[in-house]
1. Find all pairs meeting these conditions: Cβ atoms under 8 angstrom apart; at least six residues apart or on different chains; first residue within the range 448-465 and within 14 Å of L181 (Cα to Cα); second residue at pLDDT 95 or above and part of a loop (DSSP other than H, G, I, E, B).
2. Confirm whether R186 is more than 26 Å from F548 (Cβ to Cβ), buried (at least 20 other Cβ atoms within 10 Å of the Cβ) and in contact (Cβ under 8 Å) with a residue 60 or more places away in the chain.
3. Assess whether G88 counts as being outside the structural domain of G483 (by TED's automatic domain parsing) and touching a residue at least 24 places away in the same chain (Cβ under 8 Å).
4. Does at least one position in the range 369-389 carry a residue that is over 19 Å from E477 (Cα atoms), in contact (Cβ under 8 Å) with a residue 24 or more places away in the chain and in a strand (DSSP E or B)?
5. Mind checking which residues of the range 535-568 are closer than 22 Å to V443 by Cα and assigned to a helix (DSSP H, G or I)?
6. Residue by residue through the range 209-231, note down the ones that are of a type in the set (A, V, I, L, M) and farther than 16 Å from E256 by Cβ.
7. Being under 24 Å from D415 (Cβ atoms), surrounded by fewer than 24 Cβ atoms within 10 Å (Cβ to Cβ) and either assigned by TED's automatic domain parsing to the domain that holds I419 or not polar (S, T, N, Q) (or both) narrows it down to one residue among A377, A364; which is it?
8. If I190 satisfies every condition in (1) over 21 Å from the mean Cα position of the chain (by Cα); (2) closer than 25 Å to V465 by Cβ but one, which is the exception?
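The values are calculated or read from the model by the stated rules, or taken from the named source; none is laboratory data. Since the model is a prediction, treat every value here as computed from it, not as a measurement. Neighbour counts are summed over all protein chains in view; Cβ atoms, including those assigned to glycine, are modelled from backbone coordinates with ideal geometry.
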Amino acid sequence: MPAFDGQTAMVTGSGTGIGRAVAAAFAREGASVVILGRRREPLEEAAAALREEAAGAGAGATVTAFPGVDVADEGAVTGMFESLSGSGVKLDVLVNNAGVSGPVTCFANADPAEFGSAVDIHLTGTFWVSRQALSVMGQGGRIITISTFFTEERPLEQRPYRFRDPYTAAQGAKNRLAEALSWELRERGIISIATNPGPVHSDRIYKTVYPKAAAEFMRVGGFEGLEPAQVEQACRRLVPLLGEDEGAVSAGISGEAARLAGGAPDAGAEATLRRLLDKVRSVAERIQANTSGMIPDGQFLSQEQVAATVLALAGPGLAGTLNGRVVPADRVFYPVRAHVANAAPASPAPALSGRSVVIAVDAAAPAAARRAAYLAAHAQWRGATPVCLVSGDAPAEIGRTISDRFHSHSADLGDPAAIGRWFSAASANAGPVAAAVHVTGDVPDSPPLASMSRAEWDLLVDRFVKRPAAVLRCALEHFVPGGGSDPRLYKGSSGRVAVVVGPSLPAGKKVHGARRARAEIFRGALRPLAATVNQELSDVLGSGLRAFVALPGAADGREPDDARLADAFDYFLSPAAPSSGEVVFCVDESRKA
C-alpha cells in the first residue's frame, strides 16, 4: 500500500521546481494533492502531470489546483482554505515551499519595496498558510517548512549570504517560526519541522541567483568604463537572456547598446556588452563551482532527493522524533569568521561632542521607550545630542517617556523618505550623525501564533524586520549619500555605525519554551541580516562602516541590563569595532562557545 494512501498533502509554490517534485512524490505515494502558485500556466501543467502520477499509484487520489494564489496574499490564501473547508477536505500534510529569489544586490542598493515583498512571501506567506491550514488540519497533522541552511548558526558564527539580505532575514525567521509552531501546536497533536536541504539543482539558482550575484559583482567592481548604473541597467535586461539562442542574445545586446548610445547603433558598445555578459556567465559558473567545492561529493541535490527528504520527514517514523527541529541537511562546509559574540568588550569612551545620535524607537510598550531613553541619556552623557524618532503608532503616554526628556519627533519608521529627512534635519541642527540606533522593543506574549490575525502578524513583521531594515538602510544612505547607486563611494568610509537593538529573550526563572521560541523568530531575522549586510560593507564595498545588532536578555532568564547596551554602544563607536567580524552581540550573555 502506498505510504500516504488516503491522506491529503498541500504543497505551496508547486507549479515548478522543488514544489512540483515534492507534490509528484506525494501523488506517487497515494496522497491526494493540493497545489497552488502565482502563475496559472505552469500550475495547470503541473496539475495534469500530477493526475497521471496519481492514476499510476492506483489509490484513487485527487489533485486540486489553486492557480493565481500568492502565499503573501491574505485574501487569496484565506479564500482557498475556506473553499477546502467547504468541500470537507482534511489536510494531513502541509509543505511550505513557496519562495522567490528576491533582490540580488547589496543591501545599500536594495529597493525597500522589493525587500518587503521578499519577506512577505518567504516569512509571512509561511506563517499565514500555516495559520489557515489549522482550520482543516487535525491531530496527527504535519507542517514541513523548506528553508535555507545559510541562516543557521554554529557556535559564534552566523553565516552571511551576500546580496541576499531580505532572503536571509526571512529565512532565519522562518526556521525559528517552525520551532515556535511546534511549541504552540503540541496540544493539538500537530507537528512542525523545518528542513534546510542546501544547494539544489534548479533554474532559480542557475538562471537567476548566480547570474544576478555575478552581475552585482560587476556593478560594484566596475566594468570597462561603464558607470555602476549602466552596468546595473544592462545586466537587468541582458542576464535573463543567458541560455537563450544566439539570435535573442544578439538582439538584446544590440538594443541595450543603442540605449547606451542614445538610440544610435554602436558597435563598440555592443562589443563591451557582449564581454560584460560573458564575464557575468563566467563569474556565475565560478560561484557555482566554488559552492560545489564545499560539498564532500561536489554535487548539488536533485529536486527528487529533496522530495524524498520531505516525504521521510512527513512520514510516521521521523515526524514525531524530529518535531520542533530544524533539520539542516547541510552538506556545505562553509567556514566563516565569528559573527556572534556575548557582551561587548570594554572600550574607551567615544568622543561625541558636537555630534548627534539618532534613536528610532518602536515605542509600542513601556520597556522599549525606557530602553531608548536610557541610550539617549547615555549618548547625551558622552557629549552627543540625541534626536529621538518615536513611531507614530506609539501610545501618547509611552511616547512621553522620551519626549519629556529629549528632542523627539513622531515619525513613520516604515517610510524611508521620511526617515531620510529626519536624518538630514538631525545632522543640520544637532551636529553630524555619529550613530543611528533603532530600538524594536520586545515581542509580545499574546495572542498565540495559532490564533493570531493577519493584521497582528503584519505589525510584528513591520516592527521587528521591515522597520529596522528601513532605518538601517536610511542610515547607510545618510552616511554615504548616493552610495546605493554608486558603490564606489563606500570605499574607505568609516567612523559611523548603525545599531539595531532587537527584542529581548523573556526574563524569569521558569520561562516557557513557547515564549522563548516566539522571541527567537525575530531575533532569528536580525542575526543573519546583520552578518550579511556587514560582509557586503567590508568584503564587497571596502567600507569601514558597520551595522551592529544588540540582543538583550539571557538564556538563564536574567533581566536585561541596559548598562550592557550602553557598553556595547561605546564599543561599536570605538576604533576596534570595525576590524572585528563580530557584529551580533548578545549583550547579557556570558556563555562560552
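1. Listed pairs, sorted by first residue: A450/L185.
2. Details: more than 26 Å from F548 (Cβ to Cβ): yes; buried (at least 20 other Cβ atoms within 10 Å of the Cβ): no; in contact (Cβ under 8 Å) with a residue 60 or more places away in the chain: yes.
Answer is no for this residue.
3. On the way: outside the structural domain of G483 (by TED's automatic domain parsing): yes; touching a residue at least 24 places away in the same chain (Cβ under 8 Å): no.
The answer is no for G88.
4. Within the range 369-389, one or more residues are over 19 Å from E477 (Cα atoms), in contact (Cβ under 8 Å) with a residue 24 or more places away in the chain and in a strand (DSSP E or B).
5. Passing the criteria: D562, A563, R564, L565, A566, A568.
6. V209, A213, A214, V220, listed by residue number.
7. A364
8. (2)
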